[in-house]
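K.L.:
Quick one: the structure is below, questions incoming.
Derivation of every value follows stated rules applied to the coordinates shown; laboratory data play no part. Given the structure is predicted, the values throughout are model-derived calculations rather than measurements. Ideal geometry is used to build each Cβ from the backbone, glycine not excepted, and the neighbour counts take in all protein chains shown.
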Amino acid sequence: GTVSIPPSVYMAASSDNAVNASAEGPSLRTVVCGLSLPSCVFNSSNPFATSLEDLQALDASAAGAVATRTACPGFVHDEATMKWASPDGANTINCLGYSPLPFEYYTGCLPQLSGAKPCWLSISGSAEEVGAMVREAAALAPSLPGGLAVEINLSCPNIAGKPPLAYDFDALRDYLGTVFDAGPPPPTLAVGVKTTPYFYDAQYT
């Protein structure tokens, strides 16, 4: 399971406070792949980033960016096995998997946000599917004033019978080669890979 922090946590301070943090102490501003973030703190891809309403709440918060829940073509949400609980009413323990909503839902949501901060579009799927989504995201990026990054999620064990791809470096190399077979993304789109935790010496060689 994962522990997710709801948008309400970020609302303890206003966005103006995040922007003007340097007047009271160290600034939390940062730059990631050319994208300017008013704060280095923002949400992970999690169940509190599923709907347009969730994303709008994150957009209105002091979070430095807005990340979507991971969209994966063909992923089916199973109510019987994908559960979540919130013991303290603020955090969750969950095994929900990817978003039940498609990639196209999120590409439709992002232009409806304020544009005041970057968006992180989380995706997963086959190399061919991810390559197509990266190209669609590249076409969307220039229309988003805050900028757009794509997170290729290769860390989550949500595909039955298969370990996370990021544990197999040879397969990971082949996968990314297929994703970018048509060429690298344009400078207007930042692309990163969400990898698994690495615990063993052999995973660092």
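K.L.:
Determine ³J(HN,Hα), in whole Hz, for all residues of the stretch 126-133 in sequence, where each value follows from phi through the Karplus function 6.51 cos²θ - 1.76 cosθ + 1.60 and θ = phi - 60°; x replaces Gly and Pro.
P.N.:
My calculation for the stretch 126-133 gives 5, 4, 5, 5, 5, x, 5, 5 Hz in order.
K.L.:
For the stretch 103-120, what does the Karplus curve 6.51 cos²θ - 1.76 cosθ + 1.60, with θ = phi - 60°, yield as ³J(HN,Hα) per residue in whole Hz, taken in order and with x for Gly and Pro?
P.N.:
Result, rounded to whole Hz: 3, 4, 4, 6, 5, x, 6, 4, x, 8, 7, 5, x, 7, 9, x, 10, 10.
K.L.:
Translational diffusion coefficient of the stretch 17-148 at 25 °C, 0.890 mPa s, Stokes-Einstein with Kirkwood Rh over Cα pairs, in µm²/s as a whole number.
P.N.:
Details: Rh = 15.9 Å.
Taking Rh from Cα pairs, D becomes 155 µm²/s.
K.L.:
Report the GluC sites (Glu not before Pro) located in the stretch 33-136 that are in a DSSP loop and have at most 11 other Cβ atoms inside 10 Å of their Cβ, or state none.
P.N.:
Values: sites: Glu53, Glu79, Glu104, Glu128, Glu129, Glu136; in loops: Glu79.
Filter output for the stretch 33-136: Glu79.
K.L.:
How long is the gain from Ser114 to Glu136 if the chain were fully straight, where each residue apart is worth 0.36 nm and the alpha carbon distance is subtracted? It would help to have the intermediate numbers written out before the result.
P.N.:
Working: separation 22, 0.36 × 22 = 7.92 nm, distance 2.06 nm.
Result for the pair: 5.9 nm of gain on full extension.
K.L.:
Quick one: compute the contact order of the stretch 89-205, relative version, from alpha carbon pairs under 8 angstrom and 6+ residues apart, as a percent.
P.N.:
Relative contact order here is 28 percent.
K.L.:
Let me ask another. Report relative contact order for the stretch 44-121 in percent, whole number only (criteria: Cα-Cα under 8 Å, sequence separation at least 6).
P.N.:
37 percent
K.L.:
Per residue of the stretch 177-192, in order, report the coupling 6.51 cos²θ - 1.76 cosθ + 1.60 (Karplus, θ = phi - 60°) as ³J(HN,Hα) in whole Hz, putting x for Gly and Pro.
P.N.:
With the stated coefficients, the stretch 177-192 comes to x, 6, 4, 9, 4, 7, x, x, x, x, x, 6, 10, 8, 10, x Hz.
K.L.:
For Tyr198 and Val32 in one chain, what is 0.36 nm times their gap in residues minus the Cα-Cα distance, to one decimal in nm? Kindly include the intermediate steps, with their values, before the conclusion.
P.N.:
Values: separation 166, 0.36 × 166 = 59.76 nm, distance 2.27 nm.
Result: 57.5 nm gained on full extension.
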